[in-house]
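Okay, structure first, notes after.
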């Protein structure tokens, strides 16, 4: 017959084994998440940013054969996203936007995309991701936007600046002459190390302190933070198992 103390020992041993198993599982997922973040997640750094103007206006509803075109110059390779600033008129629209990215010199269409207007939020930037264009550095591109299924009352618009705030491109529409540029941003795809390095350098930039202005200080802080998060996760898991 197993006495009470022996039973308690078995119970304590089972608890410790379960705690160790949970700790191993957490460590596994932590490592897996880290590998995904470093090697498989897409990172983008902003290249062109036409979103800082104080004055903005909406174009009209984009319907039928309406065409909106914005040209720009990419300064870096791996152009892989751009953001637009839509206006939904505070309603749900079940139409779509058809977008083409073409080389402004050769006129060749490089990427074709369709986004659903029901996914757009009013006056919130919407990111359009696409397969990166590897040799996009120092090339001129044209973004063409239309909405063939857009109808009055079931369509969106785009915000633009009537000021000429972007000298390397221009806005043109098929329905009226406009001055200025669309509110848009472009981004190029980078590896984690380049993205992380850019983030660290921007954080340290402009700091007058010899410590706060040193990028290595923030790298050390980052790894300390990661280590603490791992330790706290394991401790929390063990704590929860005791109840």
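Annotations
- Residue 102 vs. criteria in contact (Cβ under 8 Å) with a residue 12 or more places away in the chain, in the same structural domain as residue 152 (by TED's automatic domain parsing), buried (at least 18 other Cβ atoms within 10 Å of the Cβ) and in a strand (DSSP E or B): yes
- Residue among 161, 144, 136 that is under 16 Å from residue 182 (Cα atoms), in contact with a strand residue (DSSP E or B) (Cβ under 9 Å, 6 or more places away or on another chain) and at pLDDT below 95: 161
- Matching residues, segment 107-139, being over 14 Å from residue 84 (Cβ atoms) and surrounded by fewer than 15 Cβ atoms within 10 Å (Cβ to Cβ): 107, 108, 109, 112, 118, 131, 134, 135, 138
- Some residue of segment 125-135 being part of a loop (DSSP other than H, G, I, E, B) and under 19 Å from residue 50 (Cα atoms): yes
- Residue in segment 176-183 that is in a loop (DSSP other than H, G, I, E, B), in the same structural domain as residue 96 (by TED's automatic domain parsing) and either touching a helix residue (DSSP H, G or I) at 6+ places or on another chain (Cβ under 6 Å) or farther than 24 Å from residue 88 by Cβ (or both) present: yes
- Selection count, segment 170-187, where residues are surrounded by fewer than 22 Cβ atoms within 10 Å (Cβ to Cβ) and at pLDDT 90 or above: 6
- The set of residues in segment 105-118 that are assigned to a loop (DSSP other than H, G, I, E, B) and either on the phi > 0 side of the Ramachandran plot or without any contact (Cβ under 8 Å) to a residue 24 or more places away in the chain (or both) comprises 106, 107, 108.
The values are calculated or read from the model by the stated rules, or taken from the named source; none is laboratory data. Just so you know, these numbers come straight off a predicted model, no measurement behind them. Cβ atoms come from the backbone with ideal geometry, glycine included; neighbour counts cover every protein chain shown.
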